[in-house]
Amino acid sequence: MTTVRPPGALTEPVERVGRGWTASLSLANGAIWVGWYGPLQILLASQAKDFAPGSGMSKETMLAWVTGAGAVVSLVANPLFGALSDRTTSRRGRRTPWIVAGTAGGALSLLLLAGAGGTATMTLGWCLVQLTLNAAFAAVTAAVPDRVPRSQRGSVGGWLGAAQILGVVGGTGLATAAGGVGAGYVACAVFTAVGVLPYVWRYEDLRLAAEDRPPWSRRGFLTGFWLSPRRYPDLGWAWLTRFLINLSNALVLLYLLYYLRDRLHYADPDEGVLILTAVNGLTLLATVVVGGVWSDRVGRRKPFVVWSGVLMAVATAALAGWQTWPGAIVAAAVLGIGFGVFTSVDFALMTDVLPKALDRGKDLGVINVANALPQVAAPALAAPIVTYLGGYRVLYLVAAVIGLAGAVLVGRIRGVE
């Protein structure tokens, strides 16, 4: 076990982390995303197809209800477990116990899904996956401001972003290659549990001294989840910009299949979505680490977030004005370039505006709501626009304006270069 560590859990880190630490934490992050996206991309849809006959619901409706219930659990679980990890005084540190417990619980929940015999068990299993893996994810992300100095957070955020992308692809691949729904869940469960072991075995976590933990108060604990924009304006603007840019991205992706089929009249829209996803993923992977490293070297965050947001807004507007298959290919590539830079540098920016070391996990959990909430808000906003207010051209123009607003408002963050 590595013994060199910064002086304390609440100290601002100054010692650079090594490649081994970054690689191990990135692997743990990727393992969590395998546990999420094997089910989301393949396995839950297959189960919904099997369970829908005789249930009174279509497979699409069943899948929407199950994933929607999981999304609600995710919105609550991430900040909750982040706050609990902040207060943990275990001998193994603040974060490691939650990484271990969360991934172990996630693996067991995936095995429960493997044996699901109907809608109720499927819903319960997926909600438990969201609950437990969000506990691990909250602890993994909080480890960055705990251990990584500000000058290195862009590059570490880039590697975590790359691991996230590879985790999505890896989870989908495991679920597909395993040869069945049950085997797919088992494969994802094993990878999720094993993938965190290098980090928790090799690297000692920082311990919070019992005297540094604030006294317990239920009211204080609950009210701590409200981060006043007036008291913490930089955090408020950072949250809003992340929400707006993620909402814009969610609006682009939500009806992509229908856009190809109904607007572009692409011969095989399923294949078209796969091609666009691959193009987007390749350009995103190509820029996510580079953007973070570049940001660290020049010592600035806001210009990268602003211009990546502007680039994504331009690409989104192209979907409204250049409604052809080549236009969609170009837009997917440019969106990937912009979102890759945004993913790594915005993560570093978020860690730079955290108010207190004692609440890093909780505050990052609140910030992560800006990632999940757009997935809930996008359908409510997109459906009336497509149906009644002008169709896909207006939808993508609205999405471009929302993303551009997010990019411009980054300038309101005053405490970061």
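The values are calculated or read from the model by the stated rules, or taken from the named source; none is laboratory data. Small disclaimer: the values here were computed from a predicted structure and weren't measured. Cβ: placed from backbone, ideal geometry, glycine included. Neighbour counts: every protein chain shown. These area figures cover heavy atoms from the full protein model, side chains too; ligands, DNA and RNA do not enter into them. Shrake-Rupley method; radii C 1.70, N 1.55, O 1.52, S 1.80 Å.
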* Scan of region 246-277 for residues that are surrounded by fewer than 17 Cβ atoms within 10 Å (Cβ to Cβ) and more than 27 Å from G309 (Cβ to Cβ), ordered by number -> D262, H265, A267, D268, D270, E271
* Asked: Among the numbered criteria (1) under 21 Å from the mean Cα position of the chain (by Cα); (2) surrounded by fewer than 18 Cβ atoms within 10 Å (Cβ to Cβ), which single criterion is violated by G365?
  -> (2)
* Asked: If you scan region 83-110, which residues turn out to be over 14 Å from Q47 (Cβ atoms) and of a type in the set (A, V, I, L, M, F, W, C)?
  -> A83, L84, W98, I99, V100, A101, A104, A107, L108
* Structure fact -> Filtering region 24-77 down to residues that are in contact with a Pro (Cβ under 7 Å, 6 or more places away or on another chain) and either free of Cβ contacts under 8 Å to residues at least 40 places away in the same chain or within 16 Å of G170 (Cα to Cα) (or both) yields L27
* Please specify each residue of region 164-186 satisfying the condition of being of a type in the set (G, A, S), buried (at least 24 other Cβ atoms within 10 Å of the Cβ) and either touching a Leu at 6+ places or on another chain (Cβ under 9 Å) or not in a helix (DSSP H, G or I) (or both). => G171, A175, G184
* Would you say Y392 is open to solvent by 40 Å² or more (accessible area, probe 1.4 Å) and over 20 Å from the mean Cα position of the chain (by Cα)? -> no
* Identify, please: which residue in region 284-301 is buried (at least 19 other Cβ atoms within 10 Å of the Cβ) and not hydrophobic (A, V, I, L, M, F, W, C) and is, among those, farthest from L260 (Cα to Cα)? -> D296
* Asked: If you go through region 206-245, how many residues are of a type in the set (A, V, I, L, M) and part of a helix (DSSP H, G or I)?
  -> 7
* Structure fact -> Exactly one of T103, T121, T141, T132 is farther than 30 Å from K49 by Cα, part of a helix (DSSP H, G or I) and not aliphatic (A, V, I, L, M), and that residue is T141
* Structure fact -> Restricting attention to region 150-161, the residues that are open to solvent by less than 10 Å² (accessible area, probe 1.4 Å) and either within 13 Å of the chain's Cα centre (by Cα) or not hydrophobic (A, V, I, L, M, F, W, C) (or both) number exactly 5
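Test A107 against the stated conditions and say whether it is in contact with a helix residue (DSSP H, G or I) (Cβ under 9 Å, 6 or more places away or on another chain), surrounded by 17 or more Cβ atoms within 10 Å (Cβ to Cβ), closer than 20 Å to L197 by Cα and touching a residue at least 12 places away in the same chain (Cβ under 8 Å).
Against the criterion (in contact with a helix residue (DSSP H, G or I) (Cβ under 9 Å, 6 or more places away or on another chain), surrounded by 17 or more Cβ atoms within 10 Å (Cβ to Cβ), closer than 20 Å to L197 by Cα and touching a residue at least 12 places away in the same chain (Cβ under 8 Å)), A107 qualifies.
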* Out of (1) part of a helix (DSSP H, G or I); (2) at pLDDT below 85, the odd one out for F342 is which? -> (2)
* What number of residues within region 197-219 satisfy the criterion of being farther than 21 Å from T11 by Cβ and open to solvent by 40 Å² or more (accessible area, probe 1.4 Å)? -> 9
* Would you check which residues across region 331-360 are without any contact (Cβ under 8 Å) to a residue 40 or more places away in the chain and farther than 22 Å from V273 by Cα and list them? => K356
* Asked: Of the residues L404, L354, which is assigned to a loop (DSSP other than H, G, I, E, B) and open to solvent by 10 Å² or more (accessible area, probe 1.4 Å)?
  -> L354
* Asked: Using beta carbons and a limit of 7 Å, which pairs, at least six apart or on different chains, have the first residue in region 120-133 and closer than 13 Å to L108 by Cβ and of a type in the set (A, V, I, L, M) and the second one part of a helix (DSSP H, G or I) and open to solvent by 40 Å² or more (accessible area, probe 1.4 Å)?
  -> L128/L112
* Count of residues meeting criterion [hydrophobic (A, V, I, L, M, F, W, C), under 15 Å from N368 (Cβ atoms) and within 17 Å of the chain's Cα centre (by Cα)] in region 216-255 -> 7
* Asked: When only residues in region 110-132 that are more than 20 Å from the chain's Cα centre (by Cα) and more than 14 Å from V186 (Cα to Cα) count, which is least open to solvent (accessible area, probe 1.4 Å)?
  -> M122
* To do: Test each condition in (1) under 27 Å from W239 (Cβ atoms); (2) of a type in the set (F, W, Y); (3) surrounded by fewer than 16 Cβ atoms within 10 Å (Cβ to Cβ) for F342 and report the one that comes out false.
  => (3)
* Wholly within region 1-97, which helices (runs of 4 or more DSSP H) include no fewer than the required count, namely at least 2 residues that are closer than 20 Å to T351 by Cα? -> 19-38, 59-86
* Asked: Counting only residues that are of a type in the set (G, A, S) and farther than 17 Å from G68 by Cβ, which one in region 24-50 is surrounded by the fewest Cβ atoms within 10 Å (Cβ to Cβ)?
  -> S46
* Which one of these is within 24 Å of R147 (Cβ to Cβ), modelled with pLDDT of 80 or more and hydrophobic (A, V, I, L, M, F, W, C): A193, A209, A189, A250? -> A193
* Would you check if there is a residue in region 253-266 being at pLDDT below 85, part of a helix (DSSP H, G or I), within 24 Å of I367 (Cβ to Cβ) and not aromatic (F, W, Y)? => yes
